[in-house]
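Colleague: Structure provided below as structure tokens; questions to follow.
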Amino acid sequence: MTVHRSEQSTSGANVAEPEDHAAKAPLDLVSVALRRERTRAGLSLAEVARRAGIAKSTLSQLESGTGNPSLETLWALCVALNVPFSRLLEPPRPVVQVIRAGEGPRVSSGEADYQATLLATCPPNARRDIYRIAAEPGAPRASDPHMPGVVEHVVISAGRALVGLSEDPVELGPGDCISYPGDRPHVFRALEPKTWAVLVTEHT
């Protein structure tokens, strides 16, 4: 079983398949999923290829949306990435994580009244920019999608706000944290006067 772009005619010549969405969708999904899962695992092309027992050039082609992977190749890549096979064929879902005040893994100092709570880890080869946001009730700040792969983290410091994906924002209060894909339409709407927050944008 393979993910085909073309098939052989009875005469042996290549016959192109119709260039419709249904024909291209499986391979497109596989390429996006492979890049996503490899980045999430923090592994290089060479390392994933080595673990899967395939050529690095083969993996590079698959991630670029070309090639003709066999079922065995895809299974080997799933094992190398430690993900279920279905992960390569399902459309990616936006990942939204909310950590309420007082939640999350916390470490306390033995020398001072000081606690640190981990809200998000930085993926390999990522860049982060940090902003202080001040907002007042009224018109929301609606943002168009940023570059592919951008993730935003928002921690409310004072006041209340609706934050997150435009179709499903989450109400947050002081100490609450949300992470969401910045490459989808998103919004920040203050619900109380003198609302302010810390915004971290993550670029991979």
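The values are calculated or read from the model by the stated rules, or taken from the named source; none is laboratory data. Worth saying up front: this structure is predicted, and the values here are computed from it rather than measured. Glycine also receives a Cβ, built like all others from the backbone with ideal geometry; neighbour counts cover every protein chain displayed. Ligands, DNA and RNA are stripped out before the accessible areas are found, and what is left, the full protein with its side chains, is counted by its heavy atoms. Shrake-Rupley method; radii C 1.70, N 1.55, O 1.52, S 1.80 Å.
Colleague: If I fit a long axis through the Cα atoms of helix 21-41 and take the longest principal axis of the Cα atoms of the chain, what angle between them do I get, 0 to 90°, rounded to 10?
Modeller: Tilt of helix 21-41: around 50 degrees.
Colleague: Same structure again: Mind listing the long-range amide H neighbours of Arg160? Cut-off is under 5 Å, sequence gap 5 or more, other chains count too, H placed in the peptide plane at 1.01 Å from N.
Modeller: Leu191, Glu192
Colleague: Ordered by packing density, taken as the mean number of other Cβ atoms within 10 Å over each peptide's residues, highest first, how do 194-201, 165-172, 180-187, 126-133 rank?
Modeller: Packing order, densest peptide first, comes out as 180-187, 194-201, 165-172, 126-133.
Colleague: Applying the Karplus parametrisation 6.51 cos²θ - 1.76 cosθ + 1.60 with θ = phi - 60° to the phi angles of the range 69-79, what ³J(HN,Hα) value in whole Hz is obtained for each residue in order, glycine and proline being reported as x?
Modeller: Each residue of the range 69-79 in turn: x, 7, 4, 5, 5, 5, 4, 4, 5, 4, 5 Hz.
Colleague: Follow-up. For the range 156-167, just list the computed ³J(HN,Hα) in residue order, Karplus coefficients 6.51, -1.76 and 1.60, θ = phi - 60°, integers in Hz, with x standing in for Gly and Pro.
Modeller: 7, 9, 8, x, 9, 7, 9, 9, x, 5, 4, 7
Colleague: Convert each backbone phi in the range 142-148 into a coupling constant with the Karplus relation 6.51 cos²θ - 1.76 cosθ + 1.60 (shift: θ = phi - 60°), then list the ³J(HN,Hα) values in order as whole Hz, x for Gly and Pro.
Modeller: 9, 10, 6, x, 8, 4, x
Colleague: Can you work out the accessible area per residue across the chain, with the rest of the protein chains kept in place, probe 1.4 Å, in square angstrom?
Modeller: 60
Colleague: Okay, moving on. Taking the Cβ of Thr39 as the centre, find all other residues whose Cβ is under 14 Å away and add up their charges (Lys, Arg: +1; Asp, Glu: -1).
Modeller: +1
Colleague: On the protein heavy atoms, probe 1.4 angstrom, tell me the percent of accessible surface of the chain carried by carbon and sulfur.
Modeller: Accessible surface attributable to carbon and sulfur in the chain totals 54 percent.
Colleague: Continuing with the same structure: Only one of the values [x] 155; [y] 112; [z] 129 was calculated from this structure for volume of the Cα convex hull per residue in Å³; name its label.
Modeller: [x]
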